[in-house]
Amino acid sequence: MEKTQAKKRIEQLKKSINHYRYAYHVLDKSLISDEALDSLKKELFDLEQQFPDLVTSDSPTQRIGGKPLKEFKKVHHEAPMISFNDAFSREDMRAWLTRLENYLGRPLRYTDKTFYCELKIDGLAIEFIYENSVLVQCSTRGNGFIGEDITQNIKTVEAVPLRLKETDKKYKLPSRLIVRGEVFLSKKEFERINKEQEAKGAKVYANPRNIAAGSVRQLDPKVIASRKLDSFQYDIIGDLGQQYHENEHEALKSFGCKINPHNKAVASLEDIFEFHDYWAKNREELDYEIDGIVVIINDNREYKEGGVIGKAPRAGIAFKFSPREATTIIEGIKLQIGRTGVLTPVAELRSVEVGGITISHATLHNYDEIQRLGLKIGDTVVVSRAGDVIPQVTKVLKELRTGKEKDFKMPSVCSVDGSKVIKDGVAYRCSNKNCGARQREYLYHFVSKGAFDIDGMGPKIIDRFLDEGLIGDAADIFSLKEGDIKLLERFGEKSAENIVEEIQLKKKILLPRFIYSLGIIHVGEETAILLSDRLQKEKGKVSAPAEVWNFLNHISINELQEIPDVGPKVAVSIYNYFHDTRHHDLINKFNKAGILLEMPPKIKNEKLKNKIFVLTGSLKSMSRSDAKEKIRLLGGEATESVSKKTSYVVAGSDPGSKLAQANKLGVKVIGEKDFIKLLD
């Protein structure tokens, strides 16, 4: 992205994030999910990392929180209550560590406890102040410097000790101690409260954090007491002689504070990844919500040496779990023609990770849904994935528009066969009832042995991809990503990986096979070879699909009939195919997908020169396509129909009518063993 574009995008992101943060932190209103907001903040952070001179003091990445509410007494924090920057991937974590070590000017002092990992509770950060062992003040983060005094409310939380005590001689309790921690609502309490709300006919809450946030701001402490909030403490402000951050957890526990038993010190990034992955998979076992882990440099000297940048410490980071919602950009909308001829719009997305998978497509259901969302091509949108289902676009962030977005309109004619598109309820469909079936049959042909030969993509797989809107034409096959496939029912990570790997391997294809794959009426494997020979003779080496179009689009019907075995009917079919703009668009998509054409291997010798073969039935040692190729490499010719000119009919198992025709014409019939001897 150019700097001028980045500057404009940064300003839009700042305005949008500030709007959502104000509603969330000050008004207690969730206008957008935490995960989607995190996604916007991450995009802003990455842009500011790329263009550091565009960072301004009013950026959300430099600010800590919202303004304190007027209903509560304001409290000044003795030390700022900062928060952490977010990481969403292993690459983000490696980049964080590199930035830290670059700032320090040296590698970290690695030990068996270099990092301290904590579960990131989805609650509210609270500061607790104890004087002479007694809890005297509790406050919210606020803007990081000034918070809200909510002491009476927090005193109702049983997990927060009202008085501390010394239980370990190793840690002496000072006369004044500032502790920080998290207040949250358990899943069990969340369910109980919502059941009560339903019974009263009142609105249910969206998530536990919303209840916790609303509770701590209640003016009546009895309300928060009835909601049974919980709390963990995780930090001490001040020097108790602790060398490591983990010592602070030990000290807190010895003073009677509740600490999270799952937190642990680890040695390396790989250990961090293992800790993160374990809790990403097992977080449902916990009775409270977590949305990631917090990673801190365990050595307090190194942590302090890292300092603070903007709102966050350099030596700590929040490593979030894969979000169930994220923001991305609609790069296009394609229409998938289903098996029944229904046109389903599918969003082509800038690749984004949602729910642990990277996706590039999302269903838009129908045109009415596009209009309901007010969606345009180029929009920034929220993409959601609930459970193992196809991701959906759930919200358009219209405030991030640049003015270059484009409206999407349903076409009046079908892109597959040119028939009129008709409206049928909320659905649009091709008026030709056979359209969907024809498209399906063509795709079966496209991936078959004689064409692209994509192993593992049989008719059932093609049908599923069509039904889910993952493919609309043959070229779409080459844009499939693992994340698009593995979220489908009965598709695991390995099967998705195998299919995508096989597709990528088959991007290189022999020129005759590519021509055959196009499904031109009356053009079989033999005619495709003849067209390939003519093209190679006229143009030399051909490497891109566009070169095939450029040649065959400029050849006349009469010139096509000069090619051996191409009669008037076949010539007209070839001519019509390469003068149809819909097919031109498909060829261009093949070009963009990176399809590479290879020239057929040269003839090894002319052992079978002037010999004409017809194959019938199945061969055990090779496919019919491979058998034909071997015949051609030895100078022979393989055709589909038996005539008096035929030299041999090769009969495999379950031969068809060609065997009877050979016997009738007196053509020599040989079995597979004799055929192999001819090839040796």
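General remarks:
- In terms of overall dimensions, the C-alpha atoms belonging to the range 410-544 reach 53, 41, 21 Å along their principal axes, ordered largest to smallest.
- Relative contact order computed over the range 508-598 (Cα-Cα under 8 Å; 6+ residues apart), in percent: 42
- Residues T402 and V223, FRET efficiency given R0 of 60 Å [Cβ-Cβ distance, rounded to 0.05]: 0.85
- Prolate/oblate/rounded label for the range 82-320 (Cα gyration tensor, a/c 1.5): oblate
- Trypsin sites (Lys or Arg not before Pro) lying in DSSP loop within the range 496-529, provided at most 16 other Cβ fall within 10 Å: K507
- Using alpha-carbon coordinates, inclination of helix 187-199 to the longest axis of the chain, degrees: 90
- Summing charges over all other residues whose Cβ lies under 13 Å from the Cβ of N576, with Lys and Arg as +1 and Asp and Glu as -1, gives 0.
- Charged neighbours of K539, selected by a Cβ distance under 15 Å, balance to -2 (K, R count +1; D, E count -1).
- Qualifying GluC sites (Glu not before Pro) in the range 516-617, DSSP loop, other Cβ atoms within 10 Å at most 14: E562, E606
- Shape index of the range 82-154: Rg/Rh, with Rg the Cα radius of gyration and Rh the Kirkwood radius from the inverse mean 1/r over Cα pairs, equals 1.11.
- Principal axis analysis of the Cα atoms in the range 612-679 yields extents of 28, 25, 19 Å, listed in decreasing size.
- When the convex hull of its Cα atoms is projected in every direction, mean area for the range 1-149 (nm²): 12.0
- Dimensionless Rg ratio for the range 385-480, taking C-alpha atoms and the 2.2 N^0.38 Å reference: 1.35
- Placing unit charges on the Cβ atoms of the charged side chains and taking the dipole of the chain about its Cα centre, the candidate lying farthest along the positive direction among F452, G374, V572 is V572.
- Relative contact order %, the range 612-679, counting alpha carbon pairs below 8 Å whose residues are six or more apart: 38
- Label sites at E497 and E348, each approximated as a point 7 angstrom past Cα along Cα to Cβ, lie 2.8 nm apart.
- No Cys partner within the rule (Cβ under 4.7 Å), the chain: C117, C138, C257
- Positive dipole terminus of the range 3-62, leading residue within T4, Q49, L37 (C-beta point charges): T4
- Sparse-neighbourhood loop sites, trypsin sites (Lys or Arg not before Pro) in the range 201-245 - DSSP loop, at most 16 other Cβ within 10 angstrom: K203
- Efficiency of FRET between D654 and Q371 - r from beta-carbon atoms, R0 41 angstrom, step 0.05: 0.15
- Rounded to 10°, Cα long-axis angle of helix 90-104 versus longest principal axis of the chain: 50
- Column: log10 I(q)/I(0), Debye, Cα scatterers of the range 3-62, q = 0.24, 0.28, 0.29 Å⁻¹: -0.95, -1.17, -1.23
- Taking all Cα pairs closer than 8 Å and separated by 6 or more residues, the relative contact order of the range 3-62 comes to 40 percent.
- Rounded to the nearest 10 degrees, the inclination of helix 3-25 to the longest alpha-carbon principal axis of the chain is 50 degrees.
- Of the cross-linked pairs K203/K264; K15/K120; K449/K592; K42/K506; K449/K481; K506/K645, those separated by over 32 Å at the C-alpha level are K203/K264; K42/K506; K506/K645.
- Restricting the calculation to alpha carbons of the range 508-598 gives Rg and Dmax of 12.0, 34 angstrom.
- Three-way shape label, the chain, alpha-carbon gyration tensor, a/c 1.5: prolate
- Calculated [222 nm] ellipticity per residue, helices only, for the chain: -11000 deg cm²/dmol; basis is -39500 (n - 2.57) per DSSP H run with n ≥ 4, divided by all residues, nearest 500.
- Value in Å of the Kirkwood radius, where the range 554-648 supplies the Cα pairs that are averaged: 16.3
- Segment E559-A199, extension gain: residue separation times 0.36 nm, minus the distance between their alpha carbons: 121.5 nm
- Largest-first principal axis extents of the Cα set of the range 325-430 (Å): 38, 34, 21
Each value in this text was obtained by applying a stated rule to the coordinates, not by laboratory testing. If you're wondering where the values come from, they're calculated on a predicted model, not measured in any experiment. Cβ coordinates were reconstructed from backbone atoms using ideal geometry, including for glycine residues, and neighbour counts include every protein chain displayed.
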